[in-house]
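This report refers to the structure that appears directly beneath it.
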Amino acid sequence: MTDALVLKDVRKSYGNTEAVHGISLTVKEGEIFGLIGHNGAGKTTTLRMISTLLRITSGSISVYGHDVETDSKGVREIISYLPEDAGAYKDLTGRAYLDFIARFFADGDERKRMVEKGIALADLGERIDSKVDTYSKGMMRRLLIARAVMPSPKLAIMDEVTSGLDVVNAYEIREIIRGIARDGVTVIMSSHNMFEVDMLCDRVGIINHGDLIGLGTPDELKREYGVDTLEEVFVKAVKG
Amino acid sequence: MNHLANIIQKELKELLTPGAIMSVVVMVVLFSILGGLIGGEVDKAQTLPSIGVVGSGHGDLTIEDGGVDWNLYETLESIYGSSIPSDAEVGDYLIKLDDFDGDFDRLKDMMSQNDLACALIVPDDFALCISEGRPATLTQFYIYEPEGMFGSISSTVVTSIASMLNTSLSKELLMGPTEGNPLFYSNPIAFGGDNDCTMINGEVHNGILPSDIAGEISSQTMIIPIVIMILITMIGSLVISSIGSEKENKTLETLLTLPIKRTTIVTGKIIAAAVVGIIYGVAYMIGMGMYMGSLTGTMGSGVNLEDLGLSLDAFDYLLVMVSLFLSISCALGLCMILGGFAKNYKSAQTMTMPLSILAMIPMFIIMFSGWYGAGPFIQGIVFAIPFSHPMMAMEALMYGDVGLVLSGIAYMMVFAVATIAITVKLYNSDILITGLNQNRTYQKLTGKK
Ligand SMILES: Nc1ncnc2c1ncn2[C@@H]1O[C@H](COP(=O)(O)OP(=O)(O)OP(=O)(O)O)[C@@H](O)[C@H]1O
Ligand SMILES: [Mg+2]
């Protein structure tokens, strides 16, 4: 398996405060990688650096061989970033929003097919033709995940995709993620739901105050800390 | 009550940001500066103009048998003597010029040497006319200088001086024996009307005073600065709010990770806003045209600028459009930068403040003193603000000042390119996502941690 994502000693400072202190990790192609950590640990910061939104202060990140600093255009062509609490353009309908995004990736029939795929993924029934500002949180999230998955990225970056969703919505979104990973898409996601990470992620990184303090498959981590659940791993790792 | 106070306190904290307070302070300073400026203009307009008195005898009039002994120049001296500031001398205001031989160009040269804009021409047969009981004609001659709203007042002052001379001579004549036409004794001096003339761009026009021209030009162009100010502010807030709401809804983060160039995003937003701006602009122009049309129908001074060579031709209009377009581009470039610092929709609203202030400064200056009436320092400020140029382009072109408009266009081109370059740089940096507070230079500047 090739390396889809390589972080080497990545640091990020906001002004004079360093939020990420040298994280190194590698994610393989088709893998679902979970980032866990307390609020303010540096998950969003890390995901934004991978997405080319933030410049890295030092270190390097490469996505399928494209360096985020020197070839950000190349990176943007193969990634899809779903920000935490993201929204869509309020004046558009769900369908129009998907079409707006699809226009950046394809033309003609291919674009039509892409939008159809998005509509199927969002699974909003006839509400796909309602204005986005009438959507509930769950509907909005489904639309956005459809938008992120629809262009078939090679790496999907998802920040707390299921937070605040009901059981069914969260389940279905996890199914979508599992589905794309089966098709070879690499996924890096953050979550506060240990149950979700345990079930979904092939490998997990634990971030504590900007440091990567644990890395491995859920089972490896549980064995390492001698506990039964990922939740206990997390608490032990952070406290000890 | 406590709850109400609580809410009021929170609202005030949000509304009275340092930025908002700053802009209030700037407004106050701005108005006081403008007050001084306009006050100066009004003072200037109210003081008596310097005039050249042209003619061989300068209006010397002695009629032996009638006992009339009157001198136009001396009467002028006494009129000025009672009105000029105590530390000034009459000789500074009244300058005797040589005879007028009908050559206006020579007269113009004489006037220019003495820095005069107005001359009273006393005809050679002045004394003869009066002694024969015919009204003598006194001609006002002006070299037209455009000077904003108040610049034209001097010509009305000169007319009233002529009227005073008439009254004075009438009194003098009435003390002697009166015979013949009684009308002559009440109006021995004919002034005003078609005799008076003004030299505009080297050509002499009869029956037209500078106040007529200035009145006509300002009635045609007065509203332009206001329209442009509104236009700039409106398009500006459009762009800034669009970025602000993209940030608020986190759509900007998505947009910035799509496979599109930052320049495409920036240009796209600018072009869209420019289109809307031009639609607004055209709508305003049409509305304004209709407004001015109905106004000039009733209030116009009757001066036809076209006949005076002061109206605009197709090339002038093209220059005005180019100037307007560039000015809008500069505004949009600035707004993209300001919008980059807006955290959300609400803070975007405050961000439009600097822009409207920038648009208001030239608007007030141009409306009240005009470009030509302002001193070099004020002119420097007005020129540096890119929104000034379309505000004054039309007036400048009516006066034939193409140089001002062209240099404004060149300046705005440089300005627009610079702002767009800065915008693209900004969109490639973190600031768009993190905001200004986390920027290291900003922290250094403000000493915050
Ligand atoms: N724009 C910013 N300016 C300054 N500091 C920031 C900024 N964004 C994040 N930080 C700081 O960086 C650290 C990491 O933040 P980050 O948002 O990456 O955390 P997170 O792990 O995503 O947290 P959460 O689970 O709450 O989303 C925090 O201390 C935060 O205060
Ligand atoms: Mg986060």
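Table for the structure above
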item: Test: residue in the stretch A:72-87 that is part of a helix (DSSP H, G or I), within 18 Å of the chain's Cα centre (by Cα) and touching a residue at least 40 places away in the same chain (Cβ under 8 Å); result: yes
item: From A:K131, A:K137, A:K154, A:K90, residue being of a type in the set (K, R), within 30 Å of A:V6 (Cβ to Cβ) and more than 16 Å from ligand 2 (Cβ to nearest atom); result: A:K154
item: Of all residues in the stretch B:253-275 being more than 10 Å from chain A (Cβ to nearest Cβ) and surrounded by 15 or more Cβ atoms within 10 Å (Cβ to Cβ), the one that is farthest from the chain's Cα centre (by Cα); result: B:I265
item: Answer residue from the stretch A:3-16, given it is assigned to a strand (DSSP E or B) and either out of contact with any Gly (no Cβ under 8 Å at 6 or more places or on another chain) or farther than 19 Å from A:T52 by Cβ (or both) and is farthest from ligand 2 (Cβ to nearest atom) among those; result: A:D3
item: Members of the stretch A:17-55 that are part of a loop (DSSP other than H, G, I, E, B) and within 16 Å of ligand 2 (Cβ to nearest atom); result: A:H38, A:N39, A:G40, A:A41, A:G42, A:S51, A:L53, A:L54
item: A:M114 over 18 Å from the mean Cα position of the chain (by Cα) and either more than 11 Å from chain B (Cβ to nearest Cβ) or assigned to a strand (DSSP E or B) (or both); result: yes
item: Every residue from the stretch B:177-200 that is exposed (fewer than 14 other Cβ atoms within 10 Å of the Cβ) and β-branched (V, I, T); result: B:T178
item: Filter pass, A:V197 being among the β-branched types (V, I, T), away from ligand 2 (no atom under 16 Å from the Cβ) and either modelled with pLDDT under 95 or outside the structural domain of A:A120 (by TED's automatic domain parsing) (or both); result: no
item: Every residue from the stretch A:55-110 that is at the interface with chain B (Cβ under 9 Å from one of its Cβ atoms) and of a type in the set (D, E); result: A:E77, A:E84, A:D85
item: Pairs where the first residue, in the stretch A:154-181, is touching a residue at least 24 places away in the same chain (Cβ under 8 Å) and more than 15 Å from A:T44 (Cα to Cα) and the second is of a type in the set (S, T, Y) and within 14 Å of ligand 2 (Cβ to nearest atom), C-beta under 6 Å, 6+ apart; result: A:A170/A:T162; A:I173/A:T162
item: Filter result for A:D9 (more than 14 Å from chain B (Cβ to nearest Cβ) and either at pLDDT below 95 or within 15 Å of ligand 1 (Cβ to nearest atom) (or both)); result: no
item: Single condition A:S60 does not satisfy, out of (1) touching a Lys or Arg at 6+ places or on another chain (Cβ under 6 Å); (2) within 16 Å of ligand 1 (Cβ to nearest atom); result: (2)
item: Of all residues in the stretch B:212-252 being farther than 25 Å from B:I420 by Cα and not in a helix (DSSP H, G or I), the one that is farthest from the other protein chains (Cβ to nearest Cβ); result: B:M222
item: The stretch A:207-218 residues that are within 24 Å of A:T17 (Cβ to Cβ), paired with ones that are within 16 Å of ligand 2 (Cβ to nearest atom) and charged (D, E, K, R) (beta carbon under 9 Å, 6 or more apart); result: A:I207/A:K43; A:G210/A:K12
item: Within the stretch A:36-54, considering residues that are of a type in the set (A, V, I, L, M) and facing another protein chain (nearest Cβ under 8 Å), the one nearest to A:T134 (Cα to Cα); result: A:L53
item: Among the residues listed as A:D211, A:D202, A:D133, A:D166, the single one being surrounded by fewer than 20 Cβ atoms within 10 Å (Cβ to Cβ) and in the same structural domain as A:E110 (by TED's automatic domain parsing); result: A:D133
item: Test: residue in the stretch A:24-46 that is surrounded by fewer than 18 Cβ atoms within 10 Å (Cβ to Cβ) and in contact with a Ser or Thr (Cβ under 9 Å, 6 or more places away or on another chain); result: yes
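For (1) within 30 Å of B:S242 (Cβ to Cβ); (2) modelled with pLDDT under 80; (3) within 14 Å of another protein chain (Cβ to nearest Cβ), each residue gets a yes or a no:
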| residue | (1), (2), (3) |
| --- | --- |
| B:K343 | yes, yes, no |
| B:M360 | yes, no, no |
| B:S369 | no, yes, no |
| B:A384 | yes, no, no |
| B:F415 | yes, no, no |
| B:A418 | yes, no, no |
| B:I422 | yes, no, no |
| B:N439 | yes, yes, yes |
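So that you can scan it fast, the table gives a plain yes or no per residue for (1) assigned by TED's automatic domain parsing to the domain that holds B:L308; (2) part of a loop (DSSP other than H, G, I, E, B); (3) at pLDDT 80 or above; (4) over 30 Å from B:L404 (Cα atoms):
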residue: B:A88; (1), (2), (3), (4): no, yes, no, yes
residue: B:I95; (1), (2), (3), (4): no, no, yes, yes
residue: B:D101; (1), (2), (3), (4): no, yes, no, yes
residue: B:D105; (1), (2), (3), (4): no, no, yes, no
residue: B:K108; (1), (2), (3), (4): no, no, yes, no
residue: B:Y142; (1), (2), (3), (4): no, no, yes, no
residue: B:E145; (1), (2), (3), (4): no, yes, no, no
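The values are calculated or read from the model by the stated rules, or taken from the named source; none is laboratory data. Keep in mind the model is a prediction, meaning the values are calculated, not measured. Virtual Cβ from ideal backbone geometry, glycine too; neighbours counted across all protein chains shown.
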